[in-house]
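K.L.:
Mind looking over this structure? Questions follow.
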Amino acid sequence: MGTPKARRGEPATQRRAAIEAAVLRTTEQLLGEGHSYADLNVERIARGAGISRTAFYFYFADKRALLMRLTAGVSELLYERAQAWWQEEGADTGELHAALTQVGELYNEHGALLRAIVEVSTYDDEVAVFWRAIVGRFVEATRGRIEREQAAGRADDALEAGAVAFSLVWMTERTLYEQMVQERPMTGEALMDALTAIWERSVFSHNHHDH
């Protein structure tokens with residue numbers, strides 16, 4: 001197929017990136033329109049992305065690989081938003097509130113996809129391992145921050161940092177997921193205020209607040 005400016009290697013790479021982006025965009029759009037992951041049809045995804053069903057399998061092994069690739073992209077965005085709090089030091093509730101709020105906003109924006117990955121992880125072992133590894137990265141980063149706060153005497157060192165981090169991160173994941181599936185979700189502001197207070201009280205010693 002005659003590709004313009006056929007510089008060696010470049011057009012194929014660009015074309016691949018464009019097709020993969022179109023497939024990912026189409027899939028998230030279909031999920032957002034209310035299609036469940038189980039109902040997602042490779043034929044329909046391929047058509048929406050402007051490629052054939054055969055071409056789809058050249059770029060993605062199967063629907064599961066596609067779901068995991070999409071989730072990996074969104075998890076990078078979530079990680080970037082949370083990074084600010086992990087890198088800070090001191091009991092500054094503002095940083096924590098801002099990070100949790102940005103994570104919550106991304107959950108809303110990519111709700112259909114994140115809902116799909118959580119639900120598929122309940123019955124697909126490969127997806128479950130993949131999702132736990134993503135959340136585990138958040139747990140590890142949180143553990144690092146808590147350990148630094150404990151070393152500085154600002155955090156309660158009677159509790160094991162890894163256990164606190166595991167509990168807080170999985171609580172937050174479950175809270176944000178449940179918000180997506182509840183018939184009458186709480187206001188985002190009330191939820192973020194509550195999550196911030198729970199994180200703060202769990203991590204920082206009450207006599208070391210930097211207010």
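K.L.:
Mind listing the long-range amide H neighbours of residue 155? Cut-off is under 5 Å, sequence gap 5 or more, other chains count too, H placed in the peptide plane at 1.01 Å from N.
P.N.:
Amide H neighbours of residue 155: 150, 205.
K.L.:
log₁₀ I(q)/I(0) of the chain at q = 0.07, 0.19 Å⁻¹, via Debye over equal Cα point scatterers, no solvent, to two decimals?
P.N.:
-0.28, -1.31
K.L.:
Moving on to the next point. If you place +1 on the Cβ of every Lys and Arg, -1 on the Cβ of every Asp and Glu, and leave all else neutral, what size is the dipole of segment 10-59 about its Cα centre, to the nearest 20 Debye?
P.N.:
160 debye
K.L.:
Now, a different point. Just order 43-55, 133-145, 107-119 by mean Cβ neighbour count inside 10 Å, highest at the front, would you?
P.N.:
107-119, 133-145, 43-55
K.L.:
Where in the chain are the DSSP H helices whose alpha-carbon span along the long axis reaches 27 Å or more and whose Kyte-Doolittle mean is at least 0.0?
P.N.:
Those that clear 27 Å and a mean of 0.0 are 161-181.
K.L.:
With unit charges on the beta carbon (Lys/Arg positive, Asp/Glu negative), name the residue among 146, 202, 169 whose Cα is farthest towards the positive pole of the charge dipole of the chain.
P.N.:
It is 169.
K.L.:
Show that you can apply the helix-only estimate: for the chain, add -39,500 (n - 2.57) for every DSSP H stretch of four or more residues, divide by all residues, and state [θ] at 222 nm to the nearest 500.
P.N.:
-24500 deg cm²/dmol
K.L.:
I would also like to ask the following. Give me the percent of Cα-Cα pairs in segment 61-111 that sit more than 13 Å apart, rounded to a whole number.
P.N.:
61 percent
K.L.:
Let me know the charge dipole size of the chain about its Cα centre in debye, to the nearest 20, where only the beta-carbon of Lys, Arg (+1) and Asp, Glu (-1) is charged.
P.N.:
Dipole about the Cα centre, nearest 20: 1380 debye.
K.L.:
Please report the projected area of segment 8-53's Cα convex hull averaged over all directions, in nm².
P.N.:
Averaged projected hull area, Cα only: 3.2 nm².
K.L.:
Follow-up question, since we're still on this one. Residue farthest toward the positive end of the dipole of the chain, with Cβ of Lys/Arg at +1 and Asp/Glu at -1: which of 101, 50, 61?
P.N.:
50
K.L.:
Determine, for each peptide in 175-183, 155-163, the mean count of other beta carbons within 10 angstrom over its residues, then list the peptides with the highest first.
P.N.:
The densest-packed peptide leads the list: 155-163, 175-183.
Each value in this text was obtained by applying a stated rule to the coordinates, not by laboratory testing. Remember, it's a predicted structure, so these values are computed and weren't measured experimentally. All Cβ positions, glycine included, derive from the backbone under ideal geometry; neighbour counts span all protein chains shown.
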